[in-house]
1. Sorted from largest down, give the three principal axis spans of the alpha carbons of segment 164-209, whole angstrom values.
2. Considering only the other residues whose Cβ falls under 10 Å of the Cβ of residue 46, what net charge follows from Lys and Arg at +1 and Asp and Glu at -1?
3. Would you mind getting me the FRET efficiency between residue 172 and residue 259? Use the beta-carbon distance for r and R0 = 25 Å, nearest 0.05.
4. In a shell of Cβ-Cβ distance under 13 Å around residue 303, excluding residue 303 itself, what net charge do Lys and Arg (+1) and Asp and Glu (-1) give?
5. What per residue convex hull volume, in Å³, comes out for segment 115-178 when only alpha-carbon positions are used?
6. Quick check: residue separation of residue 226 and residue 7 times 0.36 nm, minus the Cα distance between them. What number comes out in nm?
7. Can you list the lysines whose alpha carbon sits under 28 Å from that of residue 72, skipping same-chain ones fewer than 8 residues off?
8. What are the aspartates and glutamates whose alpha-carbon lies under 19 Å from the alpha-carbon of residue 262, with same-chain residues fewer than 8 places away excluded?
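The values are calculated or read from the model by the stated rules, or taken from the named source; none is laboratory data. Nothing here was measured: the structure is a model prediction, and the numbers come from that model. Positions of Cβ are backbone-derived with ideal geometry, glycine not excepted, and every protein chain shown enters the neighbour counts. Just the protein is used for accessible areas: all its heavy atoms, side chains included, with ligands, DNA and RNA removed. Shrake-Rupley method; radii C 1.70, N 1.55, O 1.52, S 1.80 Å.
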Amino acid sequence: MSKIEQTTAYTGTEMERLFFRPILTGPSAEQLGIRVMYNMPVPTTFNFWRRGGDILQKFDSSGWGGSVNSDKIQKTIEMSRVKAEIGYSAADYFSQVFEQIIQQPDVNMQDLSGSELERAETELFKQNIAESIRYTMWIGNTERESRYNTFDGFLTRIYGEVASGSEEIANESYPLSLFSEEAPAETIFDMLWSNAPDALREIKSDGNLAIFVTSDIYERYEASLDSASLEAAYLARQNGRSELLWRGIPIIDMKVRNQLVKVSDLPNSMALLTDRRNLALAVNTADFPGTEVNMWYNPDLMENRQRAVFMAGCDYLLPELLSFAYLEM
């Protein structure tokens, strides 16, 4: 057997339960380091509550002297209808699906059909969609002719504001000289923190701040930690690190370098200090007609095809909770 002719289709709650929810909730969502809003009511909005001011008052034996209501900030996420399509030659597709299920001891490879095959095909497609969503979430640009152009990503929105001269987002460009061995990655982190608005500094104790960086900065920082002459640093070089921190703030690698170098509208090196709650990705498969996931075999071209139609978008909420640094272009 060298081809798979089974047809699989997901719609409605089945598409949500078996396909999208596993990659957009739980540990999968937490790995992104941001807020993920799946199948929220449309239009999808996200909120951020400001801390109240002085609510203490001199005591009075009667009457109500309550202060004004808490300040809640809301923003609507613009969502775009997107389509994911992949085509494989029948032989290549068979090989990839075979790799997905070969470790299952109870699979009969002479009768490759049924639920095991469906799970393997679904897993293959889910991985591809999850990666495309992640890349687009960071570097997507709708004005690009090709490559991650279905909706605008965080970095595109933020850099676009900065490049247009907006002063709402704290930012600073850094020269190539900061990549010399004498200028470690900590210099960029110091820059982010020193430029950070007071509103961002004040919520550090909440435990939600994070520094999102491109892989070059992440690797330079890790290398600087390895160079420390301490037993802990030696052990970390041997065992690796599950997480990098700077002054207690997690450093998160956006892992977009291999695609970032292929686009010309964004700097190749960037760092963003913000509150995780300030960045949100929204995906919807429930409130729009035509959302579907299909996997089928095309006998005319001897090709296996996969298609998914859904809605997606992302945005930041408050510019006052952003501190951005980027390499001069």
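1. Projected onto the principal axes, the Cα atoms of segment 164-209 cover 34, 29, 13 Å.
2. Result for the local shell: +2.
3. The formula returns an efficiency of 0.50 here.
4. -1
5. Spread over its residues, the Cα hull of segment 115-178 gives 144 Å³ apiece.
6. Full-extension gain reported as 73.7 nm.
7. Residue 72 reaches 58, 204.
8. 131, 143, 145, 152, 216, 253, 328
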